[in-house]
1. Just to be sure before I move on: is SER70 touching a strand residue (DSSP E or B) at 6+ places or on another chain (Cβ under 8 Å), farther than 30 Å from ALA212 by Cβ and touching a residue at least 24 places away in the same chain (Cβ under 8 Å) in the structure I sent?
2. Does VAL283 satisfy the criteria of being farther than 27 Å from ASP155 by Cβ and either modelled with pLDDT of 95 or more or β-branched (Val, Ile, Thr) (or both)?
3. Pairs, please: C-beta under 6 Å, at least 6 apart or cross-chain, first residue surrounded by fewer than 24 Cβ atoms within 10 Å (Cβ to Cβ) and in segment 30-50, second acidic (Asp, Glu)?
4. List the helices (runs of 4 or more DSSP H) that sit entirely inside segment 209-298 and contain at least 1 residues that are under 30 Å from ASN144 (Cβ atoms) and touching a helix residue (DSSP H, G or I) at 6+ places or on another chain (Cβ under 7 Å).
5. Within segment 102-121, does at least one residue satisfy the condition of being within 22 Å of SER42 (Cα to Cα), among the hydroxyl-bearing types (Ser, Thr, Tyr) and part of a loop (DSSP other than H, G, I, E, B)?
6. Any idea how many residues of segment 183-198 are surrounded by fewer than 21 Cβ atoms within 10 Å (Cβ to Cβ) and either at pLDDT below 95 or of a type outside the set (S, T, N, Q) (or both)?
7. Checking the structure you have, find out if any residue of segment 199-210 is within 30 Å of ASP32 (Cβ to Cβ), of a type in the set (Asp, Glu) and surrounded by 22 or more Cβ atoms within 10 Å (Cβ to Cβ).
8. Could you list, in sequence order, the residues of segment 154-188 that are over 22 Å from HIS243 (Cβ atoms), not charged (D, E, K, R) and not in a loop (DSSP other than H, G, I, E, B)?
Amino acid sequence: MKKRNRKKKIVVIGGGTGTYTVLSGLKKYPVDLAVIVSMTDSGGSNRVIRDEFGLLPTSDIRQVMVALASEDSDELLRKLFTYRYNAGTGISGMTYGNLFIAALTDIYGDQEKAIEKTCEILHVQGDIIPVTYDNAHLVARYDNGEQVLGEHFIDEPKDGLGARRIVELEVFPKAKANKKALKAIQEADLIILSPGDLHTSIICNLVVEGIALAIRRSKAKCVYVMNLMTKFGQTNGFSASDHLLELEKYLGKGAIDFCLVNLTNALPRGVLARYKEEKAYPVKDDLGSGMGLKVVRKSFISKHVFEKQKSDKLKRSFIRHDPTRLARAIISFL
């Protein structure tokens with residue numbers, strides 16, 4: 001009897017809409033998916049979750065749950081998990097999904113169990129792994145020596161600081177990696193660093209003790225999906241090579257094997273002007289033949305322009321990668 005070929009294991013690392021996009025495309029393929037999710041968010045509804053409920057942030061976890069929810073799961077339930085309240089003192093801006101997980105945590109007395117049960121309810125296809133269960137906050141040090149505590153204040157910096165460059169990122173207090181995250185990285189065939197805010201969605205995972213070392217030691221190939229736009233306060237004026245050099249500060253040189261870069265900067269009409277108001281610009285591709293890695297250039301941009309919900313108080317991206325095109329390119333590395 002022939003031995004059945006095991007499914008290839010893909011581990012996606014990140015948080016936010018970029019990770020949601022990657023997972024939405026990959027879940028359509030016969031692969032073993034795991035996602036390591038950032039746990040340092042402190043803005044919007046996560047501020048309430050942390051400060052008033054005393055829990056770890058759940059917004060990024062909620063997004064990946066919806067991304068990986070089976071098509072067999074209840075469509076109304078999936079919509080409920082993304083529903084954001086737009087009225088009510090203290091509840092406006094909160095999502096149903098975050099409150100649902102908070103309620104389950106209260107019932108079970110354990111947030112890890114609540115996440116597990118929520119995945120069962122949504123028929124999640126894949127493993128969702130918080131990068132850590134330690135209660136920690138991001139700390140950024142800028143090139144003028146100033147330090148800022150809290151992801152939200154790094155994400156949306158105060159006047160004058162947004163133009164400075166982040167020279168060091170860490171978590172305080174020190175946080176140890178979830179053992180399940182280390183195991184997933186060790187067993188991976190492919191590791192994906194998803195698009196998203198470079199420091200507050202991607203590097204925030206790499207500064208958790210054990211994660212960067214596990215990636216360096218892994219036999220898996222590592223793929224970075226280059227951002228479409230710069231981010232004021234984090235990657236002002238960054239080119240593609242600047243993004244990679246910043247990642248190498250935490251991962252080590254040569255840790256990234258492939259980079260996916262959008263082939264064209266042609267954006268939907270009117271979007272560039274809106275981004276300009278936020279001091280954000282298309283990322284310039286200056287990689288040439290690569291920096292010791294293979295660069296794959298294709299049109300990865302979605303034609304859809306995304307609008308955030310009125311009750312959402314945080315800044316969101318107008319344009320994103322196309323999940324189908326992105327997944328097709330990622331799968332080709334296997």
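1. Working: touching a strand residue (DSSP E or B) at 6+ places or on another chain (Cβ under 8 Å): yes; farther than 30 Å from ALA212 by Cβ: yes; touching a residue at least 24 places away in the same chain (Cβ under 8 Å): yes.
In short, yes.
2. Spelling it out, it is not the case that VAL283 is farther than 27 Å from ASP155 by Cβ and either modelled with pLDDT of 95 or more or β-branched (Val, Ile, Thr) (or both).
3. From segment 30-50, the pairs are ALA34/ASP127; SER42/GLU151.
4. On the way: elements: 211-217, 240-251, 271-277.
Counting at least 1 such residues, we get 211-217, 240-251.
5. Within segment 102-121, none of the residues are within 22 Å of SER42 (Cα to Cα), among the hydroxyl-bearing types (Ser, Thr, Tyr) and part of a loop (DSSP other than H, G, I, E, B).
6. Of the residues in that region, 3 qualify.
7. No, segment 199-210 has no match at all.
8. PHE172, ALA181, LEU182, ALA184, GLN186 - these are the residues of segment 154-188 that are over 22 Å from HIS243 (Cβ atoms), not charged (D, E, K, R) and not in a loop (DSSP other than H, G, I, E, B).
The values are calculated or read from the model by the stated rules, or taken from the named source; none is laboratory data. Small disclaimer: the values here were computed from a predicted structure and weren't measured. Positions of Cβ are backbone-derived with ideal geometry, glycine not excepted, and every protein chain shown enters the neighbour counts. We work out accessible area using only protein heavy atoms, side chains counted, and drop any ligands, DNA or RNA first. Shrake-Rupley method; radii C 1.70, N 1.55, O 1.52, S 1.80 Å.
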